[in-house]
Amino acid sequence: MKNDTAQPQAVAALTPVPALSDNYIWMVRKNGHALVVDPGEAAPIQALLRDGLVLDAILLTHHHGDHVGGVQALQQLTGARVYGPATERLPYCDVRLREGDMVELPGLDLQFQVLDIPGHTAGHIAYYGMLDADTRAVFCGDTLFSVGCGRIFEGTPAQMVESLGKLKALPQDTLVCCAHEYTAGNIGWALHVEPDNAALQQRAQDVTRLRSLGRPTVPPSLASELQTNPFLRLDHAQVGAAAAAHVGTRLDSPQAIFAGLRQWKNDFK
């Protein structure tokens, strides 16, 4: 029997806040409270807090400066609790996290599962959870990008393949909240890998339109990434064949295909 006195559940607002040259700081607002992910600088978030919004939490995915540069200023201004990876050197952190941990944020009525996703850095983590009854998201820092992935600075191709596999296994309606506006450039490269991919061709048109309007191209759904991102399509014959042709040798494992793709992308102009 329907309960007519039941109150509707609050809907979270998810916003990619532009920062630095091409970063996004993710903000989630709900019930007058907010969290931010990877604040590379403080000023863009400070501007959004002037209307009385309460910053409860700062979530960090890894230690790079363009992801943590604003942490101390925001924490000192708001007293927000700072969460971050267990093994990385951070400018400030209250709660150290590793895979299997949960982040509970009662002020926002949210909780996030922590995933270890090393490769870009040795201790990189992601946060996955439901933003409201209809919306799930993963905050994946610089591991998975829209039609791309992060460079390997501290890990190995095998680690990155495993990390991307964890993200690939999430529900397909998950929003991929990555940290940079790299989509257009990534698509330019991906079209060399899979020139006949109709979904990728359509994505290219959509991204061109969004950027012409000055709008973000993120977050994509994981379903879209599975159709268009070569780094999530290592088991597709055309992707493997293109990587092998580019490096000029046989690639007989997902890790070898990934390494070939990553080197190709590193050198792509």
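Roughly what % antiparallel, to the nearest 5, for the DSSP beta bridges in segment 118-269? Once the DSSP bridges in segment 118-269 are tallied, antiparallel ones form about 65 percent.
Looking only at Gln202, Gln46, Gln111, which one moves most when the chain is put into a Gaussian network model with springs between Cα atoms under 10 Å? Greatest mean-square fluctuation among the candidates belongs to Gln202. Could you give P(r) for segment 1-137, binned at 5 Å from zero, as whole percent values over all Cα-Cα pairs? Result returned by the calculation: 2, 10, 21, 22, 21, 13, 5, 3, 2, 1, 0.
How much length is gained if the chain between Ser212 and Glu104 is pulled fully straight, taking 0.36 nm per residue apart and subtracting their Cα-Cα distance, in nm to one decimal?
This chain segment gains 35.0 nm when fully extended.
A simple spin-label model places pseudo-atoms 7 Å from Cα toward Cβ; at Phe268 and Ala158 they are separated by 2.7 nm. Charging the Cβ of each Asp and Glu at -1 and of each Lys and Arg at +1, and nothing else, the dipole of segment 29-92 about its Cα centre rounds to 180 debye. Each of Met130, Met27, Met102 was scored by other Cβ atoms within 10 Å of its Cβ. Arranged with the fewest first, they read Met102, Met130, Met27. Note: relative contact order over the chain, using C-alpha pairs below 8 Å and six or more positions apart, is 13 percent.
What Kirkwood Rh does segment 149-201 have if only Cα atoms enter the pairwise 1/r average? Answer in Å.
Values: mean 1/r = 0.0758 Å⁻¹.
It is 13.2 Å.
Relative to the globular-protein estimate of 2.2 N^0.38 Å, the Cα radius of gyration of segment 109-245 stands at 1.03.
Cβ crowding within 10 Å ranks Trp26, Trp189 as Trp189, Trp26, fewest other Cβ atoms first.
In the chain, a dipole from Cβ-located charges (positive for Lys and Arg, negative for Asp and Glu) runs towards its positive end, and of Ile58, Phe139, Leu115 it is Phe139 whose Cα lies farthest in that direction. In segment 68-116, the convex hull through the Cα atoms has an average projected area of 3.7 nm², a quarter of its surface area. The charge dipole of the chain, taken about the Cα centre with unit charges on the Cβ atoms of Lys, Arg (+1) and Asp, Glu (-1), comes to about 380 debye, rounded to the nearest 20.
Values in this text are rule-based calculations from the coordinates and carry no lab data. It should be emphasised that the depicted structure is a prediction, and the values quoted were computed from it without experimental measurement. When we count neighbours, we look across all protein chains shown, and the Cβ atoms used for this are built from the backbone with ideal geometry, even at glycine.
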